[in-house]
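J.: Quick one: this structure, given as structure tokens, is what I'll be asking you about.
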Amino acid sequence: MSNDGVSSVTNWWQGAVIYQIYPRSFCDSNGDGVGDLNGITSKLDYVASLGVDGIWVSPFFKSPMHDFGYDVADFRDVDPVFGTLDDFDRLLEKAHSLGLKVVIDQVYSHASKDCEWFQESKKGKNNDKADWFVWADAKPDGSPPNNWQSVFAGPAWTWSAARKQYYFHNFLSEQPDLNLHNPDVQEELLSVARFWLDRGVDGFRLDATNFYMHDPNLEDNPPYKNGNAVRPFDMQDQIYNQSHPDIEKFLARLRKLMDSYGAKFTVAEVGGRRSLEEMAAYTKGDSLLHTAYSFIFLEEEELTVPGIRGAIEDWDGAADSWPSWTFSNHDRKRVVSRWRKSRPADAFAKAMNALLLSLKGTIFVYQGEELGLPQANVPFDRLVDPEAIKNWPETLGRDGCRTPMPWSCEGTNGGWPAETWLPFDAAHFPLAVNRQEDDPASSLAFTRKLLKLRKERPALITGEIAFLDVPEPVIAFTRTLDEETLLCVFNLGEEETPWTCPMATDKLLLGVGGVERADQASLPVCGGFIASI
């Protein structure tokens, strides 16, 4: 990318908007209360009508579902609860016929303990998969090899009586870590990638990329001062259990494979305290990943100008690559509940979608955000998320953002044919798709309008971004491509805010929160605009 406002972008994914689908909660085609692939296919016309460029489908692979699909037992098959490989092929065909790209998850950092690779590995130290996972002897007193802690709760080591060693797991004990230092493991994972690329997928979202490799010397992690820590994991500085430099070597092999299939796409999920540094490392140049996103917005508890501006400018300053951004996903509280405070919910949802879709980068929109859904309240007796159950009530977990998509406000099942795997929150029924579909003032209608504008204005897709120094809580920036410059302005405060437009504008393209002129004297709560200058 050039920095003079003239773009050389030619890749479909740069500036694309990708709609994330969590299969269990999107649409149920067979009446078992769990969403499935055929359900997704049946709703692709709706997804296409939003104006997005593609979909990201969270894991649907064969799994015992201890972590709801992120514990993969068979990397080349569909779990029966979601359907079959033929169902996936039909989904792919329908999506492509609608002009939608299809990105799927790939989980390379770990597998399920039910995976045949692990079942073979734990039999002993001399079989052909003995070193496919991370095994270590106990200390002389029988305790684990080191002090590493798992993300969810407790030690990152579990004893195997069969092998008489501990195995390592950054996440649940049911998710043993693959040993990507082993070249055979890398070859197998690249073979898995080929399997899905051969079926026609357009790209991969790479789960937990910075967890791919550990320190083979198994050094203890140092402590980390964190007065708000709920989990032992947060009390350590994760230096040795993840983020090994050789991760980049594997990513280079994966990128070479992806390039051999043409215009494919890779986006890394990178969490943790060094996410920006690692995102930049994993996407530098043209030989690693195409882009990456972190939890920087997903974990921010406050919506502030420095928070938004700092993240964008830090990326531009640290990375010679293309960014990706999202405000919500299947792991974190929905944006309306996380950042709204006293602001009106509907107006706030519209403002946040307008802000997100004005940023430079590839944008991920989580299912239901186009409706302005708040975080659902899931009672303790209906929780299924292992993180929530282990740490409740201090950590409410991920179930509240994973409840089923409300297709209809009629009845008790939100348009689903049976009682759902997670309960509906009554607050979601008034926001159901069928309630918003024909309402020109709805959040759904506004999202479609936003996405239409983004497609019509190339500067919003691939233009450079430059922030203006205006008084907080207003955030203002320009998007520039060739001869076109757009001014994007949003009031992030909880009160009406005085406003003096710093430049002349030719035309207001989109008003947010009742704004009718770019040069009006104040911006209402949740107010803003996009204008040409």
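The values are calculated or read from the model by the stated rules, or taken from the named source; none is laboratory data. The structure presented is a predicted model; accordingly, all values stated were derived computationally and were not measured. Here the Cβ positions follow ideal geometry from the backbone for every residue, glycine too, while neighbour counts run over all protein chains shown. Note: accessible area is taken over every heavy atom of the protein model, side chains too, but ligands, DNA and RNA are not part of it. Shrake-Rupley method; radii C 1.70, N 1.55, O 1.52, S 1.80 Å.
J.: Could you pull out the residue among Asn210, Asn228 that is modelled with pLDDT under 95 and either in a loop (DSSP other than H, G, I, E, B) or touching a helix residue (DSSP H, G or I) at 6+ places or on another chain (Cβ under 8 Å) (or both)?
T.: Going through Asn210, Asn228 in turn, just one is modelled with pLDDT under 95 and either in a loop (DSSP other than H, G, I, E, B) or touching a helix residue (DSSP H, G or I) at 6+ places or on another chain (Cβ under 8 Å) (or both): Asn228.
J.: Residue pairs, Cβ under 6 Å, 6 or more apart or interchain, first in region 380-397 and charged (D, E, K, R), second part of a helix (DSSP H, G or I). List them.
T.: Asp385/Asp399
J.: Restricting the search to region 213-225, which residues are surrounded by fewer than 20 Cβ atoms within 10 Å (Cβ to Cβ) and in a loop (DSSP other than H, G, I, E, B)?
T.: Residues satisfying the conditions are Asp215, Pro216, Asn217, Leu218, Glu219, Asp220, Pro222, Tyr224, Lys225.
J.: List every residue pair whose Cβ atoms lie under 6 Å apart, where the two residues are 6 or more positions apart in sequence or sit on different chains, the first residue falls within region 174-202 and is farther than 17 Å from Ser121 by Cβ, and the second residue, located anywhere, is in a loop (DSSP other than H, G, I, E, B).
T.: From region 174-202, the pairs are Leu197/Tyr261.
J.: Give the residue that is farthest from Ser358 (Cα to Cα), with candidates limited to residues of region 279-312 that are hydroxyl-bearing (Ser, Thr, Tyr) and out of contact with any His (no Cβ under 8 Å at 6 or more places or on another chain).
T.: The qualifying residue farthest from Ser358 (Cα to Cα) is Ser287.
J.: Could we say that Arg76 is surrounded by fewer than 16 Cβ atoms within 10 Å (Cβ to Cβ), touching a Lys or Arg at 6+ places or on another chain (Cβ under 9 Å) and either farther than 23 Å from Val384 by Cβ or not hydrophobic (A, V, I, L, M, F, W, C) (or both) here?
T.: Taking the combined requirement at face value, the residue satisfies it.
J.: Would you point out which residue out of Phe118, Phe88 is closer than 26 Å to Phe195 by Cα, part of a helix (DSSP H, G or I) and in contact with a Leu (Cβ under 6 Å, 6 or more places away or on another chain)?
T.: Phe88
J.: Scan region 172-206 for residues that are of a type in the set (Phe, Trp, Tyr), in a helix (DSSP H, G or I) and in contact with a strand residue (DSSP E or B) (Cβ under 6 Å, 6 or more places away or on another chain) and jot them down.
T.: Residue satisfying the conditions is Phe195 alone.
J.: Continuing with the same structure: When you scan region 18-28, do you find a residue that is touching a Gly at 6+ places or on another chain (Cβ under 8 Å), in a strand (DSSP E or B) and under 30 Å from His169 (Cβ atoms), even just one?
T.: Yes, region 18-28 has at least one match.
J.: Another one. Please count how many residues of region 327-342 are assigned to a loop (DSSP other than H, G, I, E, B) and under 21 Å from Ile18 (Cβ atoms).
T.: Going through region 327-342 one residue at a time, the tally reaches 6.
J.: Residues of region 426-464 being closer than 22 Å to Cys401 by Cβ and open to solvent by less than 30 Å² (accessible area, probe 1.4 Å), which ones?
T.: Those that are closer than 22 Å to Cys401 by Cβ and open to solvent by less than 30 Å² (accessible area, probe 1.4 Å): His428, Ala432, Val433, Gln436, Ser442, Ser443, Leu444, Phe446, Thr447, Leu450, Leu451.
J.: Just one of Val335, Val230 is among the β-branched types (Val, Ile, Thr), surrounded by fewer than 20 Cβ atoms within 10 Å (Cβ to Cβ) and either free of Cβ contacts under 8 Å to residues at least 40 places away in the same chain or more than 26 Å from Asp346 (Cβ to Cβ) (or both); which is it?
T.: Val230
J.: Say whether the condition of being charged (D, E, K, R), closer than 25 Å to Gly51 by Cβ and surrounded by fewer than 20 Cβ atoms within 10 Å (Cβ to Cβ) is met by at least one residue in region 86-93.
T.: Yes, region 86-93 contains at least one residue that is charged (D, E, K, R), closer than 25 Å to Gly51 by Cβ and surrounded by fewer than 20 Cβ atoms within 10 Å (Cβ to Cβ).
J.: Do you know which residues across region 252-272 are among the hydroxyl-bearing types (Ser, Thr, Tyr) and either surrounded by fewer than 15 Cβ atoms within 10 Å (Cβ to Cβ) or in a strand (DSSP E or B) (or both)?
T.: Ser260, Thr266 - these are the residues of region 252-272 that are among the hydroxyl-bearing types (Ser, Thr, Tyr) and either surrounded by fewer than 15 Cβ atoms within 10 Å (Cβ to Cβ) or in a strand (DSSP E or B) (or both).
J.: Within region 312-326, take every residue that is part of a helix (DSSP H, G or I) and in contact (Cβ under 8 Å) with a residue 24 or more places away in the chain and give me the one that is surrounded by the most Cβ atoms within 10 Å (Cβ to Cβ).
T.: Restricting to residues being part of a helix (DSSP H, G or I) and in contact (Cβ under 8 Å) with a residue 24 or more places away in the chain, the top hit is Trp315.
J.: Only one residue in Glu277, Glu299, Glu370 is open to solvent by 20 Å² or more (accessible area, probe 1.4 Å), in contact with a helix residue (DSSP H, G or I) (Cβ under 8 Å, 6 or more places away or on another chain) and either closer than 28 Å to Pro406 by Cα or not small (Gly, Ala, Ser) (or both), so which one is that?
T.: Every option except Glu277 fails the conditions.
J.: Just to be sure before I move on: is Gly35 assigned to a loop (DSSP other than H, G, I, E, B), small (Gly, Ala, Ser), modelled with pLDDT of 95 or more and surrounded by fewer than 20 Cβ atoms within 10 Å (Cβ to Cβ) in the structure I sent?
T.: No; evaluated as a whole, the condition is false for this residue.
J.: For region 395-412, give me the residue count where each residue is more than 17 Å from the chain's Cα centre (by Cα), closer than 16 Å to Asp331 by Cα and open to solvent by 10 Å² or more (accessible area, probe 1.4 Å).
T.: Looking only at that region, the number is 2.
J.: Taking the options Ser324, Ser358, Ser328, name whichever one is farther than 30 Å from Trp421 by Cβ and among the polar types (S, T, N, Q).
T.: Just a single option satisfies the conditions, and that option is Ser358.
J.: Now, a different point. Working only within region 38-47, note down all residues that are open to solvent by 30 Å² or more (accessible area, probe 1.4 Å) and among the aliphatic types (A, V, I, L, M).
T.: Listed by number, the list is empty, since nothing qualifies.
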